[in-house]
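S.K.: Would you mind keeping the following structure in view while I ask a few things?
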Amino acid sequence: MSKRAALVAVVVALLVGVIASLAIRPPSQRLQGTAAKGLIAARWRLPVAFGTNLPALGDNAVWVADQIDRASAGQLDFEIFEPGEVVPAFSIVDAVRDGKVQAGYTWLGYDQGKLPGSVLFGAVPFGFEPWEFAAWWYEDRGWELADELYAPLGVRPILCGLIGPETAGWFRQPLRSLDQMVGLKIRFAGLGGKVVQRLGASVTMLPGGEIFQALEKGAIDATEFSLPVVDEKLGFDRVAKYNYFPGWHQPFTAAHLVVNESAWQSLGKAGQALVELACTAGVIRNLARAEALQGPVLAGFDAKGVSALSFSPEILAELRRVTDEVLADEASRDADFSRILASQRAFSRVYSRWRTIAYLAVESRPPADPKAER
């Protein structure tokens, strides 16, 4: 064998060895020099406001964290903590602000007490549908206004989850008139809670994990919380048999990844882009999963003795009237609330014509045929 042939044989053997070693390495190791290039390693504690066992509402944080871990080849690791493990469910933003944790996954409406305008990024009674909120957030001023509101706290909010309407509530008795709200002990959150309180209800705020026990023991008479699949998981249908629709108080529910600003800057551009990419993917995946899971739950109501009922047009009209009063009062008391609400309404005015003429009304759609084969 010539020297040249021997040299070629050695080079070929080396290449084969390198390729073989790459092939048998775990994917995370193979990516270290490619997808993970430019990333700054970070290990973050991530408390969440909703139990990760809750479909759509809670499990989306796990999915997003997993995507970040996989795409970064393990360089960015978010260790998830269940509600109350390291931070109370309603205090996640405070913990992020104070640097106790680097980030959290939460509903911004829980900050309503200290930042009145924050609730408008979480849910608005008779407000946006989820895709309309996403359009406002990404393509109008939503993201910008949220940054402005939270910047003084040193916190950066990133839209990271989005689901459709909640149920309007679980009640022990049929609600035929809003007069029945007077004296009713009910768990309610956000601006919707202010509406039913104005109607005479006694409103309390409880984390998701505490609601069933309060309902079962009679500490509360009724509750709202989330989607039917989530409420079923928490057992509300075992105690309260009247589930009302539509979810007038939360036509959309948005979840945000809130990040300490110093921790955010430490990620570098590549890490920041990866987190934003994963959260954006989390939004569409979350909405798709949430929509897909509700039909089977509703189909099982009869077997459980649960009645799915709709509020009358008269009740909805009165709820809308009181909602307008509450929104006007909140806007008059807080400049940020007024500015954010005005932005949402301006977007809605322009968008509404498209929404009205482009989509089929429910009554115009072909009726579902339960016998049809898929």
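The values are calculated or read from the model by the stated rules, or taken from the named source; none is laboratory data. Given the structure is predicted, the values throughout are model-derived calculations rather than measurements. Glycine also receives a Cβ, built like all others from the backbone with ideal geometry; neighbour counts cover every protein chain displayed.
S.K.: Would you mind finding the one in Val326, Val258, Val306 that is under 30 Å from Ile80 (Cα atoms), among the β-branched types (Val, Ile, Thr) and surrounded by 17 or more Cβ atoms within 10 Å (Cβ to Cβ)? Walk me through how you get there before you give the answer.
M.R.: Details: Val326 fails: under 30 Å from Ile80 (Cα atoms); Val306 fails: under 30 Å from Ile80 (Cα atoms).
On inspection, the qualifying residue turns out to be Val258.
S.K.: Among the strands (runs of 3 or more DSSP E) contained in the stretch 122-207, which hold 3 or more residues that are touching a Cys at 6+ places or on another chain (Cβ under 8 Å) and either at pLDDT below 95 or not basic (Lys, Arg) (or both)? Steps first, please.
M.R.: Details: elements: 155-163, 169-171, 185-187, 202-204.
Strands (runs of 3 or more DSSP E) meeting the threshold: 155-163.
S.K.: How about the stretch 138-170: which of its residues are aromatic (Phe, Trp, Tyr) and buried (at least 22 other Cβ atoms within 10 Å of the Cβ)?
M.R.: Taking the stretch 138-170 and keeping what is aromatic (Phe, Trp, Tyr), we get 138, 143, 150, 170.
Answer for the stretch 138-170, where residues must be aromatic (Phe, Trp, Tyr) and buried (at least 22 other Cβ atoms within 10 Å of the Cβ): Tyr150, Trp170.
S.K.: Got a number for residues in the stretch 89-106 being in a loop (DSSP other than H, G, I, E, B) and either over 22 Å from Pro152 (Cα atoms) or free of Cβ contacts under 8 Å to residues at least 40 places away in the same chain (or both)?
M.R.: Going through the stretch 89-106, the residues in a loop (DSSP other than H, G, I, E, B) turn out to be 98-102.
With either over 22 Å from Pro152 (Cα atoms) or free of Cβ contacts under 8 Å to residues at least 40 places away in the same chain (or both) added as a condition, the list becomes 98, 100.
Counting residues in the stretch 89-106 that are in a loop (DSSP other than H, G, I, E, B) and either over 22 Å from Pro152 (Cα atoms) or free of Cβ contacts under 8 Å to residues at least 40 places away in the same chain (or both) gives 2.
S.K.: Moving on to the next point. Kindly establish whether Gly117 is in contact (Cβ under 8 Å) with a residue 12 or more places away in the chain and part of a loop (DSSP other than H, G, I, E, B). Before the answer, list the steps.
M.R.: Details: in contact (Cβ under 8 Å) with a residue 12 or more places away in the chain: yes; part of a loop (DSSP other than H, G, I, E, B): no.
So Gly117 does not fit the description; no.
S.K.: From Glu139, Glu129, grab the single residue that is farther than 30 Å from Lys100 by Cβ, touching a Gly at 6+ places or on another chain (Cβ under 9 Å) and among the charged types (D, E, K, R).
M.R.: Glu129
S.K.: Val182 passes all but one of (1) under 27 Å from Pro130 (Cα atoms); (2) in contact with a Gly (Cβ under 9 Å, 6 or more places away or on another chain); which number fails?
M.R.: The one condition Val182 does not meet is (1).
S.K.: Still on this structure, I have one more. Could you list all residues from the stretch 171-218 that are closer than 20 Å to Asp324 by Cα, among the charged types (D, E, K, R) and buried (at least 16 other Cβ atoms within 10 Å of the Cβ)?
M.R.: Matches in the stretch 171-218: Lys194 only.
S.K.: Looking at this structure, is Arg238 among the basic types (Lys, Arg), under 15 Å from the mean Cα position of the chain (by Cα) and either crowded, with 17+ Cβ neighbours inside 10 Å or over 30 Å from Asp69 (Cβ atoms) (or both)?
M.R.: No, not satisfied.
S.K.: Let me ask you something else. Here is a check on your reading of the model: is Val119 in contact with an Asp or Glu (Cβ under 8 Å, 6 or more places away or on another chain) and either surrounded by fewer than 16 Cβ atoms within 10 Å (Cβ to Cβ) or modelled with pLDDT of 95 or more (or both)?
M.R.: Working: in contact with an Asp or Glu (Cβ under 8 Å, 6 or more places away or on another chain): yes; either surrounded by fewer than 16 Cβ atoms within 10 Å (Cβ to Cβ) or modelled with pLDDT of 95 or more (or both): yes.
Yes; evaluated as a whole, the condition is true for this residue.
S.K.: Okay, next question. Of (1) out of contact with any strand residue (DSSP E or B) (no Cβ under 7 Å at 6 or more places or on another chain); (2) not in a helix (DSSP H, G or I), Leu309 satisfies all except one. Which?
M.R.: (1)
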